[in-house]
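Down below is the structure, laid out as structure tokens.
The values are calculated or read from the model by the stated rules, or taken from the named source; none is laboratory data. All figures in this text were calculated on a predicted structure; none of them were measured in a lab. Don't worry about glycine lacking a Cβ; one is built from the backbone with ideal geometry, like all the others, and counts go over all protein chains shown.
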Amino acid sequence: MKKRISIVCLMSIISASILLTHRNAIAEVVIIVNKSVSIDTMSQSTISNIYFGNMTKWPDGKTIHVVMLKGGKTHETYVKKILVSTPSRLISYWKKVVFTGIGIRPKIFKNEQDLVSYVSNTKGTIGYIDDSVLDESVKVVTIIQ
């Protein structure tokens with residue numbers, strides 16, 4: 001009887017581990033904006049233009065405030081899949097922009113919770129997070145082709 005209980009417990013632990021691992025494997029990076037931003041969809045190229053400083057105003061003329069993560073899995077996934085670039089290229093780009101005085105580097109956050117808090121409290125802000133961190137304080141922008 002004890003052996004069966006041990007086997008059942010072991011199977012439960014394995015099942016839970018598989019589900020958690022699967023959840024982490026399918027987690028998605030989502031684009032978030034402050035609720036003051038009037039758009040609900042953006043193309044991948046528009047997002048790239050924003051993050052590489054080529055687009056600095058929303059369609060209503062208000063300034064876009066760009067925020068990003070310092071590093072980590074979410075940042076790497078975002079830069080590779082959404083911006084179709086590399087984290088080192090993005091860093092080099094912003095160093096050049098700041099050095100030449102053309103622009104101001106995006107605000108950078110060490111963790112996604114602080115990024116969400118900033119986006120929710122700062123009008124015109126755009127950022128990205130893992131969808132597991134998403135809450136009701138920000139708006140998700142759908143990426144269209």
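A few points about this structure:
- Within the stretch 50-95, tally of residues that are exposed (fewer than 15 other Cβ atoms within 10 Å of the Cβ) and among the polar types (S, T, N, Q): 6
- Selection within the stretch 36-75 - under 27 Å from residue 88 (Cα atoms) and among the aliphatic types (A, V, I, L, M): 42, 47, 50, 55, 64, 66, 67, 68, 69
- For beta carbons closer than 6 Å, sequence separation of 6+ or different chains, a first residue in the stretch 93-110 that is under 15 Å from residue 54 (Cα atoms) and a second that is of a type in the set (A, V, I, L, M) and at pLDDT 90 or above, the qualifying pairs are 103/97; 105/98; 106/66; 106/67; 106/68.
- Members of the stretch 120-145 found to be surrounded by fewer than 17 Cβ atoms within 10 Å (Cβ to Cβ) and of a type in the set (S, T, N, Q), listed by number: 121, 122, 132, 137, 142, 145
- Among the residues listed as 107, 123, 139, 96, the single one being closer than 17 Å to residue 75 by Cβ and either among the basic types (Lys, Arg) or in contact with a Pro (Cβ under 9 Å, 6 or more places away or on another chain) (or both): 107
- If the condition is being surrounded by 12 or more Cβ atoms within 10 Å (Cβ to Cβ) and among the β-branched types (Val, Ile, Thr), then the stretch 96-106 contributes 97, 98, 104.
- Number of residues in the stretch 45-72 that are basic (Lys, Arg) and free of Cβ contacts under 8 Å to residues at least 12 places away in the same chain: the value is 1.
- When residues of the stretch 85-105 are limited to those that are at pLDDT below 95 and not in a helix (DSSP H, G or I), the one farthest from the chain's Cα centre (by Cα): 101
- For the stretch 126-145, filtered to residues that are among the hydroxyl-bearing types (Ser, Thr, Tyr) and assigned to a strand (DSSP E or B), the residue that is nearest to residue 43 (Cα to Cα) is 142.
- Of all residues making up the stretch 1-58, the number that are at pLDDT below 55 and either within 22 Å of residue 69 (Cβ to Cβ) or not basic (Lys, Arg) (or both): 22
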